[in-house]
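Heads up: the structure comes next, in structure tokens.
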Amino acid sequence: MEIVCSPAGVMDRDCLGQGMRDIAEAGFSEVMMDLSLYCTGREIEGGGRDSRCGQVCRGLQEANPIALQDEAEVFLQLASEHGLHSAVAYMPYLLTETKMGDCSVLLKRLAKESILACRHAGCRYLVVRPLFSGVEKKELWDVNRAFYLGLADVAKDAGVTILLENQCRSVNGHMVRGACSEPEEAAAWVDALNEACGEERFGFCFHVGTASLCGMDLHGFVTTVGARLKVLILSDTDGRTEGGFLPFTMVEKGTSKTDWSRLMSGLRKIDFDGVMVLSMGDTVKAFPLTLRGEVLRLAKKIGQQFQEQLASDIDALLQRYPQRVLFGAGNLCRLYMRVFGEKYPPLFITDNNAKIWGTEICGLPVKSPAELSTISEECAIVICNVFHHQSIRGQIEGMGLRNPVMVLNDEYLFSSKKKVSEEEYDAKK
């Protein structure tokens with residue numbers, strides 16, 4: 001699974017070097033080739049005036065385009081110098097609040113130039129947002145069908161897979177659902193396009209921030225789209241406006257505005273093994289220049305956390321051991337019993353809290369850690385305490401035990417954020 005850093009908010013197109021260096025030093029090996037760096041939605045809408053993007057747009061309108069692959073050459077050269085590659089690219093796009101009319105001709109030419117830039121850069125995927133400006137809702141599919149199929153041959157020659165993306169729209173300052181914001185529609189569009197061109201030339205890019213902003217069920221979306229999902233853009237939202245915030249940073253009363261638990265549950269269900277893009281431009285820009293490198297390092301760790309959660313197979317780990325005991329009698333212990341209790345029943349539960357020794361939780365006795373000396377060396381000790389797992393591991397080692405130890409750090413496996421009480425467990429039984 002690839003972890004990719006979006007350059008949005010990290011790089012300035014007139015001074016790419018420092019941002020590229022920060023991305024590489026943070027530990028990323030992949031950077032998204034975001035062509036909107038060279039042709040922003042605001043510049044497209046405003047004609048670009050005297051900007052280089054304006055020249056690109058005017059050239060496209062005159063059917064004499066300045067190649068975006070030439071514009072991205074410096075980007076690619078710097079990326080190569082820092083050991084960075086690009087698996088995915090992003091086509092320039094219109095702002096959600098745009099007032100432009102039908103501009104499908106301009107965007108089609110921009111899309112073709114973006115495909116050529118992908119071939120030049122060796123990108124496998126290009127994200128191309130659906131057309132919406134000047135398009136009536138009832139004509140949305142017909143217009144986009146013609147748009148995307150008009151790119152199929154160029155994409156095939158370039159070896160590029162075009163990815164649609166879920167959209168939101170701004171209506172009088174309020175964000176509403178746009179094209180492909182419903183998972184059934186997204187899946188149907190991709191399938192119809194692939195059927196029309198006779199091969200799998202189209203896929204899907206799921207933008208988590210957009211879906212969360214539109215109030216979508218993240219689990220339901222990814223499980224419906226399924227194998228069509230090739231790229232996942234991880235970005236948080238404030239719940240009101242578009243923006244690129246670092247995952248887990250947008251909270252209200254201690255709860256994340258994005259339901260990351262539901263997302264992870266869905267990704268696990270479809271065995272997602274595609275490309276993950278960290279998009280956190282607004283978060284990065286809010287920090288002083290001297291701290292932006294630290295933000296990127298945190299972003300890389302967050303990407304690794306997602307990667308590890310998706311790659312880990314708790315079921316396979318538990319199968320290795322003939323017996324097991326749980327260390328920690330809290331909520332995670334109850335979650336273990338709800339999910340794994342029948343298939344991999346523990347011998348008992350142990351906890352450092354002497355007040356609960358001799359009691360039962362989920363039908364299992366709670367014992368003193370001293371009782372661990374009575375188990376066989378083949379019995380695994382499953383630590384059910386994320387916050388103190390290091391000290392518990394040290395405690396086990398200090399007892400001279402040679403048992404295998406594993407930490408149940410898999411809260412995203414469970415779709416519910418709510419704590420599970422023993423009464424709820426008993427009711428389920």
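Please list, ordered by first then second residue, the pairs with beta carbon atoms under 9 Å, 6 or more apart or interchain, first in segment 135-148 and over 13 Å from ASP102 (Cβ atoms), second among the acidic types (Asp, Glu).
Close Cβ pairs (under 9 Å, with a partner that is among the acidic types (Asp, Glu)) amount to TRP141/GLU185.
Working carefully through the options VAL154, VAL190, find the one that is among the hydrophobic types (A, V, I, L, M, F, W, C), touching a Phe, Trp or Tyr at 6+ places or on another chain (Cβ under 9 Å) and touching a residue at least 12 places away in the same chain (Cβ under 8 Å).
VAL190
Can you pull out every residue in segment 353-397 that is assigned to a helix (DSSP H, G or I) and charged (D, E, K, R)?
LYS355, GLU371, ARG393, GLU397, listed by residue number.
Listed residues VAL88, VAL128, VAL105; which is touching a Phe, Trp or Tyr at 6+ places or on another chain (Cβ under 6 Å) and assigned by TED's automatic domain parsing to the domain that holds VAL190?
VAL88
In the set LYS300, LYS285, which member is in a helix (DSSP H, G or I), assigned by TED's automatic domain parsing to the domain that holds GLU30 and in contact with a Leu (Cβ under 9 Å, 6 or more places away or on another chain)? Walk me through it before giving the result.
Numbers: LYS285 fails: in contact with a Leu (Cβ under 9 Å, 6 or more places away or on another chain).
Being in a helix (DSSP H, G or I), assigned by TED's automatic domain parsing to the domain that holds GLU30 and in contact with a Leu (Cβ under 9 Å, 6 or more places away or on another chain) holds for just one of LYS300, LYS285, which is LYS300.
Answer yes if at least one residue in segment 228-244 is in contact with a strand residue (DSSP E or B) (Cβ under 9 Å, 6 or more places away or on another chain), assigned by TED's automatic domain parsing to the domain that holds SER86 and part of a helix (DSSP H, G or I), and no otherwise.
Checked segment 228-244: at least one residue is in contact with a strand residue (DSSP E or B) (Cβ under 9 Å, 6 or more places away or on another chain), assigned by TED's automatic domain parsing to the domain that holds SER86 and part of a helix (DSSP H, G or I).
Does PRO92 qualify as being at pLDDT 90 or above and either assigned to a helix (DSSP H, G or I) or within 23 Å of PRO130 (Cα to Cα) (or both)?
yes
Which pairs turn up if I take residues in segment 18-44 that are among the charged types (D, E, K, R) and look for partners that are part of a helix (DSSP H, G or I) with beta carbon separation below 7 Å, at least 6 apart in sequence or on another chain?
Going by the 7 Å Cβ cut-off, the qualifying pairs are ASP22/ARG292; ASP22/GLY293; ASP22/LEU296; GLU25/GLY293; GLU43/CYS53; GLU43/GLY54.
Would you be able to say whether some residue in segment 214-232 is farther than 30 Å from ASP315 by Cα and either surrounded by fewer than 17 Cβ atoms within 10 Å (Cβ to Cβ) or in contact with a Cys (Cβ under 8 Å, 6 or more places away or on another chain) (or both)?
Checked segment 214-232: at least one residue is farther than 30 Å from ASP315 by Cα and either surrounded by fewer than 17 Cβ atoms within 10 Å (Cβ to Cβ) or in contact with a Cys (Cβ under 8 Å, 6 or more places away or on another chain) (or both).
Name the one entry in ARG124, ARG177, ARG145, ARG119 that is touching a strand residue (DSSP E or B) at 6+ places or on another chain (Cβ under 8 Å) and over 20 Å from ARG262 (Cα atoms).
Just one listed residue meets the conditions, ARG124.
Among the numbered conditions (1) within 19 Å of the chain's Cα centre (by Cα); (2) farther than 22 Å from ALA87 by Cβ, tell me where GLY226 comes up short.
Looking at each condition in turn, GLY226 falls short on (2).
When PHE248 is evaluated against the numbered criteria (1) of a type in the set (Phe, Trp, Tyr); (2) assigned to a loop (DSSP other than H, G, I, E, B); (3) at negative phi, which criterion, by number, is the only one it fails?
Every listed condition holds for PHE248 apart from (3).
Can you give me the number of residues within segment 191-211 that are in contact with a helix residue (DSSP H, G or I) (Cβ under 8 Å, 6 or more places away or on another chain) and either surrounded by fewer than 23 Cβ atoms within 10 Å (Cβ to Cβ) or not assigned by TED's automatic domain parsing to the domain that holds VAL88 (or both)?
Taking segment 191-211 first, the residues in contact with a helix residue (DSSP H, G or I) (Cβ under 8 Å, 6 or more places away or on another chain) are 191-193, 196-197, 199-204, 206, 208, 211.
Filter once more, so that each one left must be either surrounded by fewer than 23 Cβ atoms within 10 Å (Cβ to Cβ) or not assigned by TED's automatic domain parsing to the domain that holds VAL88 (or both): 191-193, 196-197, 199-201, 203.
The total comes to 9.
The values are calculated or read from the model by the stated rules, or taken from the named source; none is laboratory data. Since the structure is predicted, the reported quantities are computational estimates derived from the model, not experimental observations. Here the Cβ is made from the backbone with ideal geometry for all residues, glycine too, and neighbour counts use every protein chain on show.
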